[in-house]
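*Asks:* Starting off with a structure, shown below.
The values are calculated or read from the model by the stated rules, or taken from the named source; none is laboratory data. No experiment lies behind these values; they were computed from the predicted model shown. Every residue, glycine as well, gets a Cβ built from its backbone with ideal geometry; the counts of neighbours run over all protein chains shown. Heavy atoms of the whole protein, side chains included, go into the accessibility calculation; ligands, DNA and RNA do not. Shrake-Rupley method; radii C 1.70, N 1.55, O 1.52, S 1.80 Å.
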Amino acid sequence: MAETQYEALRRQGVSRRSFLQFCSLTAASLGLGSAGAKDIAQAMQTKPRVPVVWLHGLECTCCSESFIRSYHPIIKDVVLSMVSLDYDDTLMAAAGEQAEEALEDTITKYKGQYILAVEGNVPLGNDGTFCVPSGQIFRDKLIRVAKDAKAVIGWGSCAAWGCINTAKPNPTGSVPITEVISDKPIVLVPGCPPIPEVMTGVLTYILTYDRLPPLDRQGRPKMFYGQRIHDKCYRRGHFDAGQFVEKFDDEGAKLGYCLYKMGCKGPTTYNSCSTLRWNEGLSWPVQSGHGCIGCSEANFFDKGSFYDHETTVLPPGWGGVEATVDKVGLGVMAVVGVAAAAHIAASAVVQARAKGNNKHIGEGK
(Lines give C-alpha, C1' and ligand atoms only; values in the text may rest on other atoms or scores of the structure.)
Protein backbone atom coordinates (compact mmCIF):
# COMPACT_ATOMS: atom_id res chain seq x y z
CA MET A 1 0.00 0.00 0.00
CA ALA A 2 1.32 3.43 -0.97
CA GLU A 3 2.61 5.67 1.81
CA THR A 4 0.24 8.47 2.83
CA GLN A 5 1.30 12.10 3.08
CA TYR A 6 0.97 12.00 6.87
CA GLU A 7 3.06 8.86 7.17
CA ALA A 8 5.78 10.49 5.09
CA LEU A 9 5.74 13.51 7.42
CA ARG A 10 5.97 11.40 10.57
CA ARG A 11 8.80 9.40 9.04
CA GLN A 12 10.67 12.68 8.63
CA GLY A 13 10.17 13.55 12.31
CA VAL A 14 7.26 15.99 12.01
CA SER A 15 5.20 15.88 15.22
CA ARG A 16 1.43 15.50 15.38
CA ARG A 17 1.18 19.02 16.79
CA SER A 18 3.21 20.48 13.94
CA PHE A 19 1.11 18.55 11.45
CA LEU A 20 -2.16 19.96 12.81
CA GLN A 21 -0.66 23.43 12.96
CA PHE A 22 0.29 23.14 9.31
CA CYS A 23 -3.25 22.07 8.40
CA SER A 24 -4.76 25.05 10.24
CA LEU A 25 -2.34 27.60 8.79
CA THR A 26 -2.72 26.24 5.28
CA ALA A 27 -6.52 26.29 5.51
CA ALA A 28 -6.37 29.89 6.71
CA SER A 29 -4.11 30.93 3.84
CA LEU A 30 -6.55 29.30 1.41
CA GLY A 31 -9.56 30.97 3.05
CA LEU A 32 -11.09 27.59 3.94
CA GLY A 33 -11.62 28.09 7.68
CA SER A 34 -11.71 25.39 10.36
CA ALA A 35 -13.63 22.97 8.12
CA GLY A 36 -10.83 23.26 5.56
CA ALA A 37 -8.24 22.39 8.20
CA LYS A 38 -10.13 19.17 8.94
CA ASP A 39 -10.33 18.37 5.23
CA ILE A 40 -6.61 18.87 4.75
CA ALA A 41 -5.78 16.72 7.80
CA GLN A 42 -8.12 13.96 6.64
CA ALA A 43 -6.71 13.99 3.13
CA MET A 44 -3.11 13.87 4.26
CA GLN A 45 -3.79 10.99 6.66
CA THR A 46 -5.65 8.85 4.15
CA LYS A 47 -4.52 9.71 0.63
CA PRO A 48 -1.31 8.43 -0.95
CA ARG A 49 1.30 10.85 -2.19
CA VAL A 50 0.49 12.14 -5.65
CA PRO A 51 3.10 11.77 -8.39
CA VAL A 52 4.07 15.06 -10.04
CA VAL A 53 5.96 15.57 -13.28
CA TRP A 54 7.47 19.05 -13.69
CA LEU A 55 8.50 20.11 -17.20
CA HIS A 56 10.54 23.17 -18.20
CA GLY A 57 10.04 25.04 -21.46
CA LEU A 58 11.36 28.49 -22.36
CA GLU A 59 11.80 30.21 -18.99
CA CYS A 60 14.39 31.46 -16.50
CA THR A 61 13.63 28.97 -13.68
CA CYS A 62 12.36 31.78 -11.43
CA CYS A 63 9.23 29.75 -10.64
CA SER A 64 11.31 26.85 -9.32
CA GLU A 65 13.44 29.30 -7.35
CA SER A 66 10.30 30.78 -5.83
CA PHE A 67 8.74 27.37 -5.09
CA ILE A 68 11.69 26.05 -3.11
CA ARG A 69 11.70 29.23 -1.00
CA SER A 70 8.20 28.82 0.34
CA TYR A 71 8.18 29.05 4.13
CA HIS A 72 4.57 27.96 4.52
CA PRO A 73 4.11 25.13 3.94
CA ILE A 74 7.80 24.41 4.48
CA ILE A 75 8.94 22.90 1.21
CA LYS A 76 11.29 20.23 2.47
CA ASP A 77 9.04 18.91 5.24
CA VAL A 78 5.56 19.27 3.80
CA VAL A 79 5.21 19.81 0.06
CA LEU A 80 7.66 17.08 -0.88
CA SER A 81 5.83 14.80 1.55
CA MET A 82 2.47 15.65 -0.03
CA VAL A 83 3.66 14.95 -3.54
CA SER A 84 6.12 12.58 -5.10
CA LEU A 85 8.15 14.82 -7.38
CA ASP A 86 9.13 12.02 -9.70
CA TYR A 87 10.55 14.18 -12.47
CA ASP A 88 11.97 17.70 -12.56
CA ASP A 89 15.06 18.00 -14.72
CA THR A 90 16.14 21.10 -12.79
CA LEU A 91 15.71 19.90 -9.20
CA MET A 92 16.24 16.13 -9.44
CA ALA A 93 19.58 14.52 -8.72
CA ALA A 94 19.39 12.23 -11.74
CA ALA A 95 20.37 13.45 -15.19
CA GLY A 96 20.46 12.24 -18.76
CA GLU A 97 19.08 8.79 -19.51
CA GLN A 98 18.46 8.05 -15.83
CA ALA A 99 16.22 11.11 -15.51
CA GLU A 100 14.28 10.32 -18.67
CA GLU A 101 13.75 6.74 -17.51
CA ALA A 102 12.17 8.15 -14.33
CA LEU A 103 9.82 10.21 -16.49
CA GLU A 104 8.78 7.26 -18.62
CA ASP A 105 8.26 5.06 -15.56
CA THR A 106 6.02 7.67 -13.93
CA ILE A 107 3.76 8.42 -16.88
CA THR A 108 3.38 4.69 -17.58
CA LYS A 109 2.88 3.43 -14.02
CA TYR A 110 0.59 6.30 -12.96
CA LYS A 111 -1.32 6.78 -16.17
CA GLY A 112 -4.23 9.16 -15.55
CA GLN A 113 -3.13 9.76 -11.94
CA TYR A 114 -0.16 12.12 -12.09
CA ILE A 115 -0.20 15.92 -12.09
CA LEU A 116 1.73 17.72 -14.79
CA ALA A 117 3.34 21.00 -13.74
CA VAL A 118 4.68 23.17 -16.55
CA GLU A 119 7.13 26.03 -16.13
CA GLY A 120 7.80 28.08 -19.23
CA ASN A 121 6.09 28.55 -22.58
CA VAL A 122 6.20 26.62 -25.83
CA PRO A 123 8.23 27.86 -28.82
CA LEU A 124 6.65 26.86 -32.12
CA GLY A 125 8.99 28.75 -34.44
CA ASN A 126 11.50 26.89 -36.58
CA ASP A 127 9.49 23.72 -35.98
CA GLY A 128 9.96 23.99 -32.21
CA THR A 129 13.74 23.74 -32.26
CA PHE A 130 14.25 26.77 -30.00
CA CYS A 131 13.70 24.50 -26.98
CA VAL A 132 15.02 20.93 -27.07
CA PRO A 133 15.39 19.55 -23.52
CA SER A 134 16.89 16.06 -23.27
CA GLY A 135 17.13 15.93 -27.05
CA GLN A 136 13.35 16.23 -27.51
CA ILE A 137 11.45 19.17 -28.98
CA PHE A 138 9.63 20.62 -26.00
CA ARG A 139 6.33 21.01 -27.84
CA ASP A 140 6.27 17.28 -28.63
CA LYS A 141 7.41 16.28 -25.16
CA LEU A 142 4.71 18.44 -23.55
CA ILE A 143 1.93 17.00 -25.69
CA ARG A 144 3.07 13.44 -24.99
CA VAL A 145 3.34 13.87 -21.21
CA ALA A 146 0.08 15.85 -20.95
CA LYS A 147 -1.85 13.10 -22.76
CA ASP A 148 -2.28 10.92 -19.64
CA ALA A 149 -2.04 13.59 -16.95
CA LYS A 150 -4.86 13.99 -14.45
CA ALA A 151 -4.56 17.77 -14.45
CA VAL A 152 -2.11 20.47 -15.52
CA ILE A 153 -0.66 23.38 -13.55
CA GLY A 154 0.86 26.28 -15.47
CA TRP A 155 3.50 27.88 -13.25
CA GLY A 156 4.28 31.54 -13.86
CA SER A 157 3.44 34.08 -16.52
CA CYS A 158 5.56 32.24 -19.10
CA ALA A 159 3.29 29.20 -18.98
CA ALA A 160 0.11 31.23 -18.47
CA TRP A 161 0.52 34.08 -20.97
CA GLY A 162 3.92 33.71 -22.62
CA CYS A 163 5.64 36.51 -20.68
CA ILE A 164 8.92 37.92 -22.02
CA ASN A 165 9.40 35.21 -24.62
CA THR A 166 6.18 36.16 -26.42
CA ALA A 167 6.91 39.89 -26.23
CA LYS A 168 7.14 41.60 -29.61
CA PRO A 169 8.56 40.61 -32.02
CA ASN A 170 8.48 37.09 -30.49
CA PRO A 171 11.26 35.63 -32.65
CA THR A 172 10.78 32.10 -31.28
CA GLY A 173 7.06 32.01 -32.00
CA SER A 174 6.37 31.17 -28.36
CA VAL A 175 2.85 30.56 -27.06
CA PRO A 176 1.33 29.81 -23.62
CA ILE A 177 0.65 26.18 -22.76
CA THR A 178 -3.11 26.64 -23.27
CA GLU A 179 -2.50 26.93 -27.01
CA VAL A 180 -0.91 23.49 -27.03
CA ILE A 181 -2.94 21.64 -24.36
CA SER A 182 -6.69 21.96 -24.78
CA ASP A 183 -8.19 18.69 -23.51
CA LYS A 184 -7.08 18.72 -19.85
CA PRO A 185 -8.15 20.62 -16.71
CA ILE A 186 -5.63 23.48 -16.40
CA VAL A 187 -5.03 25.93 -13.57
CA LEU A 188 -2.82 28.92 -14.34
CA VAL A 189 -0.68 30.46 -11.60
CA PRO A 190 0.79 33.61 -13.21
CA GLY A 191 3.49 35.90 -11.86
CA CYS A 192 7.13 36.44 -12.68
CA PRO A 193 7.55 34.48 -10.51
CA PRO A 194 4.38 33.52 -8.60
CA ILE A 195 4.38 33.95 -4.83
CA PRO A 196 5.76 30.75 -3.22
CA GLU A 197 2.80 30.36 -0.86
CA VAL A 198 0.40 30.70 -3.80
CA MET A 199 2.16 27.83 -5.56
CA THR A 200 2.15 25.53 -2.56
CA GLY A 201 -1.40 26.61 -1.70
CA VAL A 202 -2.69 25.58 -5.11
CA LEU A 203 -0.97 22.21 -4.80
CA THR A 204 -2.40 21.69 -1.31
CA TYR A 205 -5.95 22.41 -2.51
CA ILE A 206 -5.67 19.98 -5.43
CA LEU A 207 -4.25 17.23 -3.24
CA THR A 208 -6.86 17.76 -0.53
CA TYR A 209 -10.03 17.99 -2.63
CA ASP A 210 -8.92 16.03 -5.68
CA ARG A 211 -10.02 18.85 -7.98
CA LEU A 212 -8.83 22.23 -9.19
CA PRO A 213 -9.65 25.25 -7.02
CA PRO A 214 -12.41 27.63 -8.21
CA LEU A 215 -11.07 29.53 -11.22
CA ASP A 216 -11.81 32.90 -12.78
CA ARG A 217 -12.50 33.43 -16.48
CA GLN A 218 -8.80 33.34 -17.26
CA GLY A 219 -8.19 30.06 -15.47
CA ARG A 220 -6.56 31.53 -12.33
CA PRO A 221 -7.49 30.40 -8.78
CA LYS A 222 -9.92 32.98 -7.39
CA MET A 223 -8.59 32.58 -3.86
CA PHE A 224 -5.31 34.20 -4.90
CA TYR A 225 -6.24 36.24 -7.97
CA GLY A 226 -9.72 37.44 -7.04
CA GLN A 227 -8.71 40.98 -6.10
CA ARG A 228 -6.50 43.68 -7.50
CA ILE A 229 -3.27 44.46 -5.70
CA HIS A 230 -4.63 48.00 -5.47
CA ASP A 231 -7.63 46.85 -3.41
CA LYS A 232 -5.51 45.78 -0.42
CA CYS A 233 -2.50 48.07 -0.87
CA TYR A 234 -1.52 49.91 2.30
CA ARG A 235 -0.95 53.04 0.18
CA ARG A 236 -4.53 52.97 -1.14
CA GLY A 237 -5.58 55.79 1.17
CA HIS A 238 -3.05 58.09 -0.47
CA PHE A 239 -4.42 57.20 -3.90
CA ASP A 240 -7.95 58.04 -2.79
CA ALA A 241 -6.71 61.33 -1.35
CA GLY A 242 -4.80 62.24 -4.50
CA GLN A 243 -1.42 62.07 -2.79
CA PHE A 244 1.15 60.76 -5.28
CA VAL A 245 4.90 60.33 -5.55
CA GLU A 246 6.08 62.55 -8.44
CA LYS A 247 9.76 61.55 -8.27
CA PHE A 248 11.38 58.63 -6.51
CA ASP A 249 13.33 60.96 -4.21
CA ASP A 250 10.67 63.58 -3.49
CA GLU A 251 8.92 64.26 -0.21
CA GLY A 252 5.94 62.15 -1.23
CA ALA A 253 8.21 59.13 -1.66
CA LYS A 254 9.61 59.67 1.80
CA LEU A 255 6.09 59.92 3.24
CA GLY A 256 4.96 56.71 1.52
CA TYR A 257 2.52 58.29 -0.93
CA CYS A 258 0.90 56.32 -3.75
CA LEU A 259 3.27 55.19 -6.52
CA TYR A 260 0.65 55.25 -9.27
CA LYS A 261 2.17 58.21 -11.11
CA MET A 262 5.50 56.38 -11.07
CA GLY A 263 3.96 53.62 -13.16
CA CYS A 264 2.53 51.30 -10.50
CA LYS A 265 0.19 48.81 -12.19
CA GLY A 266 -1.54 47.79 -8.94
CA PRO A 267 -4.95 49.18 -10.03
CA THR A 268 -5.05 46.82 -13.02
CA THR A 269 -3.19 43.77 -11.64
CA TYR A 270 -4.81 40.79 -9.94
CA ASN A 271 -2.58 39.03 -7.42
CA SER A 272 -1.99 38.51 -3.69
CA CYS A 273 1.25 40.48 -3.30
CA SER A 274 -0.30 43.14 -1.06
CA THR A 275 -1.70 40.53 1.35
CA LEU A 276 0.70 37.55 1.32
CA ARG A 277 3.82 39.55 0.45
CA TRP A 278 7.25 37.92 -0.05
CA ASN A 279 10.16 36.54 1.97
CA GLU A 280 8.11 35.11 4.83
CA GLY A 281 5.67 38.02 4.64
CA LEU A 282 8.46 40.53 5.17
CA SER A 283 7.87 42.88 2.25
CA TRP A 284 6.81 43.32 -1.38
CA PRO A 285 7.80 45.71 -4.21
CA VAL A 286 5.45 48.56 -3.27
CA GLN A 287 6.51 48.38 0.37
CA SER A 288 10.14 48.65 -0.74
CA GLY A 289 9.32 51.81 -2.68
CA HIS A 290 8.86 50.52 -6.26
CA GLY A 291 5.57 50.28 -8.10
CA CYS A 292 3.98 47.02 -9.22
CA ILE A 293 4.98 46.17 -12.81
CA GLY A 294 1.92 43.99 -13.40
CA CYS A 295 3.93 40.82 -13.99
CA SER A 296 0.98 38.50 -13.38
CA GLU A 297 -1.09 40.07 -16.18
CA ALA A 298 -1.02 39.02 -19.81
CA ASN A 299 1.35 40.85 -22.19
CA PHE A 300 2.78 43.06 -19.47
CA PHE A 301 6.06 43.34 -21.37
CA ASP A 302 4.25 44.93 -24.33
CA LYS A 303 2.32 47.55 -22.39
CA GLY A 304 4.97 50.26 -22.48
CA SER A 305 7.45 51.36 -19.87
CA PHE A 306 7.13 50.07 -16.32
CA TYR A 307 7.23 53.75 -15.31
CA ASP A 308 4.35 54.99 -17.49
CA HIS A 309 1.00 55.32 -15.76
CA GLU A 310 -2.45 54.76 -17.17
CA THR A 311 -4.24 58.06 -16.71
CA THR A 312 -7.76 56.66 -17.03
CA VAL A 313 -7.70 55.02 -13.59
CA LEU A 314 -9.02 57.49 -11.04
CA PRO A 315 -9.70 57.70 -7.31
CA PRO A 316 -13.37 57.49 -6.29
CA GLY A 317 -15.31 60.61 -7.21
CA TRP A 318 -12.80 61.83 -9.80
CA GLY A 319 -14.61 60.53 -12.89
CA GLY A 320 -15.43 62.43 -16.06
CA VAL A 321 -14.04 62.57 -19.56
CA GLU A 322 -11.73 65.51 -18.87
CA ALA A 323 -10.44 64.32 -15.51
CA THR A 324 -7.14 62.47 -15.38
CA VAL A 325 -4.94 61.37 -12.54
CA ASP A 326 -2.57 64.25 -13.42
CA LYS A 327 -5.31 66.67 -12.39
CA VAL A 328 -6.19 64.88 -9.20
CA GLY A 329 -3.55 66.70 -7.18
CA LEU A 330 -4.85 70.07 -8.36
CA GLY A 331 -8.39 68.95 -7.67
CA VAL A 332 -7.48 67.91 -4.15
CA MET A 333 -5.85 71.28 -3.54
CA ALA A 334 -8.95 73.02 -4.87
CA VAL A 335 -11.17 70.96 -2.59
CA VAL A 336 -8.90 71.68 0.36
CA GLY A 337 -8.98 75.38 -0.54
CA VAL A 338 -12.78 75.44 -0.73
CA ALA A 339 -13.03 73.56 2.55
CA ALA A 340 -10.60 75.98 4.18
CA ALA A 341 -12.53 78.97 2.85
CA ALA A 342 -15.78 77.49 4.08
CA HIS A 343 -14.22 76.85 7.48
CA ILE A 344 -12.96 80.46 7.69
CA ALA A 345 -16.35 81.82 6.65
CA ALA A 346 -18.14 79.62 9.17
CA SER A 347 -15.71 80.70 11.89
CA ALA A 348 -16.30 84.36 11.01
CA VAL A 349 -20.07 83.90 11.26
CA VAL A 350 -19.75 82.19 14.63
CA GLN A 351 -17.49 84.95 15.95
CA ALA A 352 -19.84 87.67 14.66
CA ARG A 353 -22.79 86.04 16.34
CA ALA A 354 -20.84 85.70 19.56
CA LYS A 355 -19.97 89.40 19.50
CA GLY A 356 -23.60 90.28 18.76
CA ASN A 357 -24.79 88.18 21.66
CA ASN A 358 -22.26 89.76 23.99
CA LYS A 359 -23.36 93.25 22.86
CA HIS A 360 -27.03 92.47 23.51
CA ILE A 361 -26.14 91.06 26.91
CA GLY A 362 -24.23 94.25 27.74
CA GLU A 363 -27.08 96.45 26.59
CA GLY A 364 -29.45 94.54 28.75
CA LYS A 365 -27.55 95.48 31.89
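*Asks:* For 101, 3, write out the residues from largest to smallest accessible area, computed with a 1.4 angstrom probe and no ligands counted.
*Replies:* 101, 3
*Asks:* Around residue 3, what is the net charge, scoring Lys/Arg as +1 and Asp/Glu as -1 over all other residues with Cβ under 11 Å from its Cβ?
*Replies:* Result for the neighbourhood of residue 3: +3.
*Asks:* Next question, about the same structure. Treating only the Cβ of Lys, Arg, Asp and Glu as charged (+1, +1, -1, -1), what charge dipole size does the range 35-147 show about its Cα centre? Round to the nearest 20 debye.
*Replies:* Taking the Cα centre of the range 35-147 as origin, the dipole is about 520 debye.
*Asks:* How big is the dipole moment of the range 184-264 about its Cα centre under a simple scheme where the beta carbon of each Lys and Arg is +1, that of each Asp and Glu is -1, and everything else is neutral? Debye, nearest 20, please.
*Replies:* 320 debye
*Asks:* Pop out the Kirkwood hydrodynamic radius of the range 108-241 from its pairwise C-alpha distances, inverse of mean 1/r, in Å to one decimal.
*Replies:* For the range 108-241, inverting the mean 1/r across all distinct Cα pairs yields 16.1 Å.
*Asks:* Okay, moving on. Within the set of other residues whose C-beta is less than 13 Å from the C-beta of residue 275, count the net charge using Lys and Arg as +1 and Asp and Glu as -1.
*Replies:* With Lys, Arg at +1 and Asp, Glu at -1, the net is +2.
*Asks:* Quickly work out the residue 92-to-residue 303 label distance, labels modelled 7 Å from Cα along the C-beta direction, and quote it in nm with one decimal.
*Replies:* So the label points at residue 303 and residue 92 sit 3.7 nm apart.
*Asks:* How large is the dipole of the range 88-177 about the Cα centre if only Lys and Arg carry +1 and Asp and Glu carry -1, each at its Cβ, rounded to the nearest 20 debye?
*Replies:* 440 debye
*Asks:* Ok, one more. Beta carbons within 10 angstrom, averaged per residue: use that to sort the peptides 230-240, 274-284, highest first.
*Replies:* Going by the mean number of other Cβ atoms within 10 Å, highest first, we get 230-240, 274-284.
*Asks:* Tally Lys/Arg at +1 and Asp/Glu at -1 over every other residue whose Cβ is under 15 Å from the Cβ of residue 234; what's the total?
*Replies:* After counting each charged neighbour, the total is +3.
*Asks:* Within the accessible area of the range 160-263, what % is carbon and sulfur when the probe is 1.4 Å and the other protein chains stay in place?
*Replies:* 50 percent
*Asks:* While we're here: I'd like the accessible area for residue 264: 1.4 Å probe, protein heavy atoms, all chains in place, Å² to the nearest 10.
*Replies:* Only protein atoms counted, so the area is about 20 Å².
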